[in-house]
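*Asks:* The following block contains the structure, expressed as structure tokens.
The values are calculated or read from the model by the stated rules, or taken from the named source; none is laboratory data. Only a predicted model underlies this, so the values are computations on that prediction, with no experimental measurement involved. Don't worry about glycine lacking a Cβ; one is built from the backbone with ideal geometry, like all the others, and counts go over all protein chains shown. Protein only, heavy atoms only, side chains kept; ligands, DNA and RNA dropped before computing areas. Shrake-Rupley method; radii C 1.70, N 1.55, O 1.52, S 1.80 Å.
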Amino acid sequence: MSNQAVEVEILGKLMRVNCPAGQEESLINAAQRLESRLTEMAEKTKITNEVQLLTFVALNFCHELETRDSDSKQEQNALFERMEQLSASLDSAMSKVKPGQQ
């Protein structure tokens, strides 16, 4: 699979970024989301230093990912526990059925 060069604008600067073919729209959406978050953060905090601004936005994104990962793991654990309970209930019910009885 070949890479495609996509032009995105971040902090008023055009960049060409390579991405896998078929992923161009996703990359453009990600760049637009980043630009939006940078603008939002700059307005809220009045930070004008681009490096600081990028650092804070990157930290916020990472924190959100960590939170989602943690939430996802908790949901997976809850589902696994529920499946184990259902399996145990089914095993118990099946053990009470006499052979040949349906």
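*Asks:* Just the residues that are of a type in the set (A, V, I, L, M) and over 17 Å from Ser36 (Cβ atoms), please, taken from the range 46-64.
*Replies:* Correct list: Val51 only.
*Asks:* Out of Glu81, Glu64, Glu35, Glu25, report the one residue that is of a type in the set (D, E, K, R) and touching a residue at least 12 places away in the same chain (Cβ under 8 Å).
*Replies:* So the residue among Glu81, Glu64, Glu35, Glu25 that is of a type in the set (D, E, K, R) and touching a residue at least 12 places away in the same chain (Cβ under 8 Å) is Glu35.
*Asks:* Taking the criterion of being part of a helix (DSSP H, G or I), closer than 30 Å to Ser2 by Cβ and not basic (Lys, Arg), would at least one residue in the range 48-58 satisfy it?
*Replies:* Taking every residue of the range 48-58 in turn, at least one turns out to be part of a helix (DSSP H, G or I), closer than 30 Å to Ser2 by Cβ and not basic (Lys, Arg).
*Asks:* Under 7 Å between Cβ atoms, at least 6 apart or on separate chains: pull out the pairs that start in the range 1-16 with a residue that is within 18 Å of Leu54 (Cβ to Cβ) and open to solvent by less than 60 Å² (accessible area, probe 1.4 Å) and end on any residue that is in a strand (DSSP E or B) and among the β-branched types (Val, Ile, Thr).
*Replies:* Val8/Val17
*Asks:* When the residues of the range 17-47 are narrowed to those that are of a type outside the set (A, V, I, L, M), within 26 Å of Leu59 (Cβ to Cβ) and not in a helix (DSSP H, G or I), which ends up farthest from the chain's Cα centre (by Cα)?
*Replies:* So, considering only residues that are of a type outside the set (A, V, I, L, M), within 26 Å of Leu59 (Cβ to Cβ) and not in a helix (DSSP H, G or I), the one farthest from the chain's Cα centre (by Cα) is Lys46.
*Asks:* Those residues that are open to solvent by less than 50 Å² (accessible area, probe 1.4 Å) and among the β-branched types (Val, Ile, Thr), I need them from the range 34-72; list them, please.
*Replies:* Ile47, Val57
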